Amino acid sequence: MTKRVSNGVRRVCATGLLLTLASLSLSACGTDSRPSASAHAPSVPEPAVAVSMPLPPPRPVRSPSAPAGLVSAINSLSASFSGKKGIAVRAVDDGWTVEVGGRQRLPQQSVSKLWVAITLLDLRDQGRARLDEPLVVRREDLTLFHQPIAMLVKGDGYHTTVGELLTRALTQSDNTANDRLLTYVGGPQVVRTMIANKRLGDIRFGPGERLLQAKTAGLTWQPAFAAAGAFQAARNRLDPAARKAALDAYVNDPPDGAAPIAIADALARLARGELLSETSTRILLDTMEASRTGHARLRAAVPSGWKIAHKTGTGQDLGRRNAGFNDVGLLTAPDGRRFAIAVMIGDTTEDIRLRQRLIQNVAAAVASYAGPPRGPVLSAN
């Protein structure tokens, strides 16, 4: 009896299990039967909640303001000078800028020696140039105008080094020394490539002193022009109208033209160590500090305790007219603040003393209006 009951229970349980499975199967196939009160809803992930919060528009980044007194002084100096000119001042560490006419291309003349120097030192940083490498300056390397090295070129030439030529080019503005370095680094296109690669802005580099000066005068370069006085004699024989036309063409579209603001920015980047290695930067700035040209330009107005590293440039004259009278440099205050300055006179009939005075007054204005020193001046000890 017990056994029969037990088997019946098993049959009932088995039947119930089959019915339960069938019910589940039908439910999975989409049955419309409602679940029992004890059934659980399938687990469904909750949708992500998106919170929308209004945000204020981003504020424009404002450049630091230049000292109002300096802005006024630079504007006044520019307005009082007759001629085509541009002035740019960039605070190296604070970032403000003052410029009047600083975005037009003006003749650089020997200011362009800076770009040859940076190209050379950039190659040095790459291990492709050495300042102690021997070089020879021969008679066929001579150029024109200011070239003190010409007196040393005798016999088989003047035996020197890359570093000495760099010093002569920057401190004496020696045209032959610079052109010899230009040949050493690979020519004008290599310098132009450096300017483009380092994104120096609106700065052109010309074809070298001989071709540039000859075309500016209305001549075609000849090696005989390298002899003392030969170029000037050939230029004097030209029809004045031809000379004026050539000078007009140069001033209107100078092959060596540059915007003063671009030069000031390049000097600021040089000072911050963004163009060259630390050693090469120091070499260049030390050499520029030793410059012996332009004593009546920026250097003449630098106050006691300030330092200046600079490069001048002077173009040709035609009567009272001058095309290219410049000085660009880095002024350092006793407390370490640095200011990159570019003063470029592209075309004027003003007397040379007035040109010098404009450049001096810009330097004096920077020193006067750049603000009081920031804290005590630290001694060198």
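The values are calculated or read from the model by the stated rules, or taken from the named source; none is laboratory data. Every value quoted in this text rests on a predicted model; they were computed, and no experiment measured them. Reconstructed Cβ throughout: ideal geometry from the backbone, glycine too, with neighbour counts over all protein chains shown. These accessible areas exclude ligands, DNA and RNA; they are computed on the full protein's heavy atoms, side chains included. Shrake-Rupley method; radii C 1.70, N 1.55, O 1.52, S 1.80 Å.
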- [ ] State which residue pairs qualify: first residue farther than 15 Å from residue 348 by Cβ and inside the stretch 240-253, second residue open to solvent by 60 Å² or more (accessible area, probe 1.4 Å) in any location, beta carbons under 9 Å apart, and separation of 6 or more residues or different chains.
- [x] 240/319; 246/215; 249/215; 253/105
Open item on the list: So residue 333 ticks every box in (1) among the hydrophobic types (A, V, I, L, M, F, W, C); (2) modelled with pLDDT of 95 or more; (3) touching a helix residue (DSSP H, G or I) at 6+ places or on another chain (Cβ under 7 Å) but one. Which box is left unticked?
Closed with: (3)
TODO: Answer yes if at least one residue in the stretch 144-155 is in contact with a Gly (Cβ under 8 Å, 6 or more places away or on another chain), open to solvent by 10 Å² or more (accessible area, probe 1.4 Å), modelled with pLDDT of 95 or more and assigned to a helix (DSSP H, G or I), and no otherwise.
DONE: no
TODO: Evaluate the stretch 285-302: report whether one residue or more is loosely packed, with under 14 Cβ neighbours inside 10 Å, modelled with pLDDT of 95 or more and under 26 Å from residue 131 (Cα atoms).
DONE: yes
Task: Selection from the stretch 184-197 of residues that are in contact with a helix residue (DSSP H, G or I) (Cβ under 8 Å, 6 or more places away or on another chain) and open to solvent by less than 20 Å² (accessible area, probe 1.4 Å) - done: 185, 191, 194, 195
- [ ] Could you tell me whether the stretch 122-142 includes any residue that is surrounded by 20 or more Cβ atoms within 10 Å (Cβ to Cβ) and under 15 Å from the mean Cα position of the chain (by Cα)?
- [x] yes
- [ ] Determine whether the stretch 161-183 contains at least one residue that is out of contact with any helix residue (DSSP H, G or I) (no Cβ under 7 Å at 6 or more places or on another chain), open to solvent by less than 20 Å² (accessible area, probe 1.4 Å) and farther than 24 Å from residue 329 by Cβ.
- [x] no
Task: Matching residues in the stretch 301-327 - criterion: being of a type in the set (Ser, Thr, Tyr) and closer than 23 Å to residue 242 by Cβ - done: 314
Open item on the list: Please return the ranges of strands (runs of 3 or more DSSP E) entirely within the stretch 289-360 where 1 or more residues are out of contact with any strand residue (DSSP E or B) (no Cβ under 7 Å at 6 or more places or on another chain).
Closed with: none
